[in-house]
Every structure is written in C-alpha cells, then in structure tokens.
Amino acid sequence: MSWEAENWARQQRTGDPVTKAVLVGIANWMNPKGDECQVSMRRLADEVEISVRTAQRHVQRLAELGFIVKSDAVRSDGGQGWNSFRFPGYKPPRVSHVEPPAKADTPHDNLTGGEGDKLTPPHDKLTPSPATDCHGEGDTAVSWEGSDKDNNKPPIAPQGAKDPAEKRNRGSRIPADWKPPALSDLPPAAKAKARQWPTGAYEAEAEAFQNFWLAEASGRACKLDWDKAWCTWINRSTGQILRDARSGVQHSAPSSTPRPAQPAKAHDTSRENGAAAKIRTLVKAKLGDQQYDRWVAPSRLDIDAGTMTAVAVSSFASNYLRDNFANDLAQAMHAVLGPDADLRFANEQPPA
C-alpha cells in the first residue's frame, strides 16, 4: 500500500464520484514505491462495492482521461492474470538517504580542550575570550570601537546574509491580455478532460477564469504561474461543465444559418402493452417532463414474463439510464409487475 499514491488519487477530479472511487481503490493496492499495482477486477469491484461490469466501465473511463495505464497480465499457464495499473501523472516522493557522521574514536569533552583532541574548539564557550569589548565591572553595554566608531558606521553584515529589504516573490495578478494555452500544450490529465468539453466551452471558461481573477481583491489573486492555475481550474470545473452540457447548456452562440430539422432518434413504442404504458406514466410523474422526454421516452420498454428490458437508442444512453434512472424504473416496474420483476438494459439502433 502507498499512502502517497492514495492521497494523490483523492486530490484528482474525475467528474464522477464512482470513477473517483475506482481511482482511489486502485491506488489502495499500489505498491510502496507507488509505480505499479496488480489487482483483479473482481477484487476492485468488491473494494468499491459495485459490479464487475461497472468497474470495467469506469476503469476504461480513467484510461481515456489519462489517469491510469492498464495492461493485462498473462500467467505462466497461459491464463488471464491480474490487471496491472500505473499512474502516468503521479510522481512518487523522493527519499534521500544521508549517512550519519562518523563518530570519533577518542572521546572528547565539548567544554574543555584535551591533548590530541582535534574536535574541541580552542576556547571554552563558558570562558570569555581574551579579546573582549568589556573591561571590567560596571560595563553594561558593548559597542564597536576603532576608527569606525567616530564615523557612526554600522557593522558590516556577514557574507551570504539576505538583504532585509528584499521581498520574497509572491507572484503577480493575471494580465489583462492573458490567453489560455493551446489545448495541445496542456498536461495530459488536463488535456484529456478539456477534450470532453462541448464546442465553445474552452474559450468561454477561459474568459470566466480571467474575469474572476481580475475582479478578485484578496491576496490569493496573485499567482506564480497562471497557466498552471488554469489547469487546476480545468480539473475542478470539468464535472460541472459536462453536467451542464447534458442539461442543454450551450457555450457558443447559435449559428445564424438555420440547420435543417432532423427527426429525433427514438424507438417505435406503438406496440408496447398496457403494463408498459402504466410504467411510463409512473416514471414520467417521478422524473418530470424534461428528464423523461430526453432519456426515457426515446427508449422502448419490452416486457416478457416478468422481465422488463429498457432498450435505449445507443450504448451511451443505455449506460446513462442504468446509472441515473435505474431506481426510478425499478420502482415503477415493481408497482405494476410485482416485486419479483427483473429489470434489464440494452441498446439498439433505431431504424432509419
């Protein structure tokens, strides 16, 4: 186990809580060096308390985002071994080993000089040095004497001392003409997340980032590297941007040229039975018109012998139904078909 790798995984922003939990679960099995771990998909799924298929899907998402590199291991007998994972963006902490100073063979006293003792200073620290500025009883202050006394010159600072007037570099405010770096110049993790953003989101978020820090008046408005601060902004805002995109938020102005209307992709639900119609009514009342029309209405509900299969128009829509509306569909199905009914998900391309 590597505590540093697990701490690194907890600081990442994946845009999904289950994906984040899978990343932390992988880091929990990282070796002490933090460079590789081997864990089966079944054990990883048990660690995060999800199904094996769900774990596989989120592992694939982590690989697409650039957080992990997964390789399949093969046993000596030719069978499938445990999965091997690496974190390309994680750098294990460096530990330097310094040899302790050698001990002297001859014991010596730090306070008094001894014959042949080369480690003892020539003068005892408890005894005043012969050359002192105090000349007897009654001396209460020590001042420098010599030719510089009459010239009121201060003592010369020791060599290597820092000038008190020198201030530490605390960064600078964001320039008014700051522009975000090109997408291809971003670090791997930030680049993988920004590439998922919808059209126009990168420019719109960069403008919001600049306006936010231009208006900030506190001391945290000064940064040493604004491009790195922009990468941190990308990691933290990706989840919200993707959620806004699913709800219909657009980051670019609509085109002035009207696009031809295209028929919505949806399955033919005219042959569904009465039980499916009742289930649709309950789900629509639970989710509301907007969510129902976007995700459930285009899907087909096939009911056969106590089993209902929600057939979506694509694999993405099927996974989204399973991850976000499985409980609502199951409750409506049990209310109509009974508590022993089974819910399944599938995807099928609608006919053109």
If you go through the stretch 281-297 one residue at a time, do you hit one that is touching a Leu at 6+ places or on another chain (Cβ under 8 Å), within 17 Å of Pro350 (Cβ to Cβ) and either part of a helix (DSSP H, G or I) or open to solvent by 80 Å² or more (accessible area, probe 1.4 Å) (or both)?
-> yes
Tell me which of these Arg220 doesn't satisfy, since it passes every other one: (1) modelled with pLDDT of 90 or more; (2) over 30 Å from Asn327 (Cα atoms); (3) part of a helix (DSSP H, G or I).
-> (1)
When residues of the stretch 327-344 are limited to those that are more than 32 Å from the chain's Cα centre (by Cα) and free of Cβ contacts under 8 Å to residues at least 24 places away in the same chain, the one surrounded by the fewest Cβ atoms within 10 Å (Cβ to Cβ) = Pro339
Any hit, the stretch 257-266, residues being more than 23 Å from the chain's Cα centre (by Cα) and modelled with pLDDT of 70 or more | yes
The stretch 30-53, subset more than 16 Å from Gly89 (Cα to Cα) and in contact (Cβ under 8 Å) with a residue 40 or more places away in the chain, residue most open to solvent (accessible area, probe 1.4 Å) = Gln38
How many of the residues in the stretch 176-188 are open to solvent by 30 Å² or more (accessible area, probe 1.4 Å) and closer than 22 Å to Leu62 by Cα?
-> 5
Screening Asn347, Asn324, Asn273 for residues that are surrounded by fewer than 19 Cβ atoms within 10 Å (Cβ to Cβ) and touching a Ser or Thr at 6+ places or on another chain (Cβ under 7 Å) leaves only Asn347
Which residues, counting only those in the stretch 54-66, are closer than 17 Å to Arg86 by Cβ and either among the β-branched types (Val, Ile, Thr) or free of Cβ contacts under 8 Å to residues at least 24 places away in the same chain (or both)?
-> Val59, Gln60, Ala63
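The values are calculated or read from the model by the stated rules, or taken from the named source; none is laboratory data. Remember, predicted model here, so these are calculated numbers, not experimental data. For neighbour counting, all protein chains shown are included, and Cβ atoms are generated from backbone atoms with ideal geometry for every residue, glycine included. SASA here: full protein model, heavy atoms, side chains in, ligands and nucleic acids out. Shrake-Rupley method; radii C 1.70, N 1.55, O 1.52, S 1.80 Å.
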